[in-house]
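The structure appears below as structure tokens.
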Amino acid sequence: MTTAHARRTWMPSLGRLPLHATLVIVMLVWIIPSLSVVVTSLRPPTDIASTGWWTFFTNPRLTLDNYSTVISQLGFARAIFNSFAIAVPSTVFPIALAAFAAYGFAWLRFPGRNALFLAVVALMVVPIQAAFVPSLQIFKSLGIGSSFLAIWIAHTTFALPFATFLLRSFMVQLPPELLESAQIDGASNFRVFRSIILPLSRPAIASLAVLQFLWVWNDLLMALIFIQRDDMYPLTNATARLLSTYAQQFNYLSASAVLLMIVPVVVFVALQGQFVRGIVAGSVK
């Protein structure tokens, strides 16, 4: 009896063994390169030139000089500030506008609502690269070329179709009884939006915020197009310039790469609960 019970217990585990092995392999494929970059950023240049990064675990020698040089002497302190100055507004603006638009498309009745929503969704298929040159010409004609305002507008404009589509798909599944009860009590549309729609849509908004922030933070192309001043370059541009100037200085390159990726990791870890709930809620609905 004990043997049969043990066999029944182990059989499901053995059946999941290929899945677990695949997950471990995928995890190692992602973790090992990142770990090598982190370790290299903390090693002295002489150790990097003479031994592989894995020898750090047998002969650990740490230094923060690489980070100190990159931040203080190579201008990355300013680049970090610029990245936040670009990423935070470029995340808040499209989500705020898309939330209002999604509420209108989901719950307000007005002529041409469906046609207008289809037009907004159709904008998702337009390649953003096709709009770079005309957008830059418009910004220059308005006197805001090569400025934070220009790249805020660009990121907001290009993110709005997808953000509106995602939030509208979530909001339209909310129980209509809640809105009807609030309207019977005399609540205005704005009060319904602020007190009912936004709190219930928090998982979807958090998921969208994570995706948009990561997209903007890691963006290089749009920053190259709309930011053409050295003192306004974000981390992605600063890292690319560092690669062309210090191509063989792996200690500096690794330190800059860690600075570039540490913020997205922190953001995702901090909001992963909301992110997962938003995805699960959307899939269930």
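The numbers here are math on the coordinates, done by the rules we state, and not lab data. Keep in mind it's a predicted model, so treat the numbers as computed, not measured. Every residue, glycine as well, gets a Cβ built from its backbone with ideal geometry; the counts of neighbours run over all protein chains shown.
Structure data summary
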item	result
Relative contact order of region 68-284, defined on C-alpha pairs under 8 angstrom at six or more residues apart (%)	33
Furthest towards positive pole of dipole, PHE100, PRO60, SER72, structure part region 27-163, Cβ charges	PHE100
ILE138-ALA85 pseudo-label distance in nm [points 7 Å out on the Cα-to-Cβ vector]	2.4
Computed E for SER34/LEU271 - FRET, C-beta separation, R0 30 angstrom, nearest 0.05	0.95
Stokes-Einstein diffusion coefficient of region 68-284, Kirkwood radius over Cα pairs, 4 °C, 1.567 mPa s, in µm²/s	67
Cβ-derived FRET efficiency at R0 25 Å, VAL125 paired with VAL172, nearest 0.05	0.70
Radius, Kirkwood style, for region 162-231 when every pair of distinct Cα atoms is counted (Å)	14.6
Estimated [θ] at 222 nm from DSSP helical runs (n ≥ 4, -39500 (n - 2.57)) normalised by residues in the chain, nearest 500	-24500 deg cm²/dmol
Most mobile listed residue (PRO111, PRO199, PRO18) in the chain, GNM with C-alpha springs under 10 Å	PRO18
Choice from ALA182, ALA150, ALA209 with maximal GNM fluctuation in the chain (Cα, 10 Å cutoff)	ALA182
Distant alpha-carbon pairs in region 1-154 (separation over 26 angstrom), percent	66
Efficiency of FRET from Cβ geometry, ILE262 and ASN189, R₀ 41 Å, rounded to 0.05	0.50
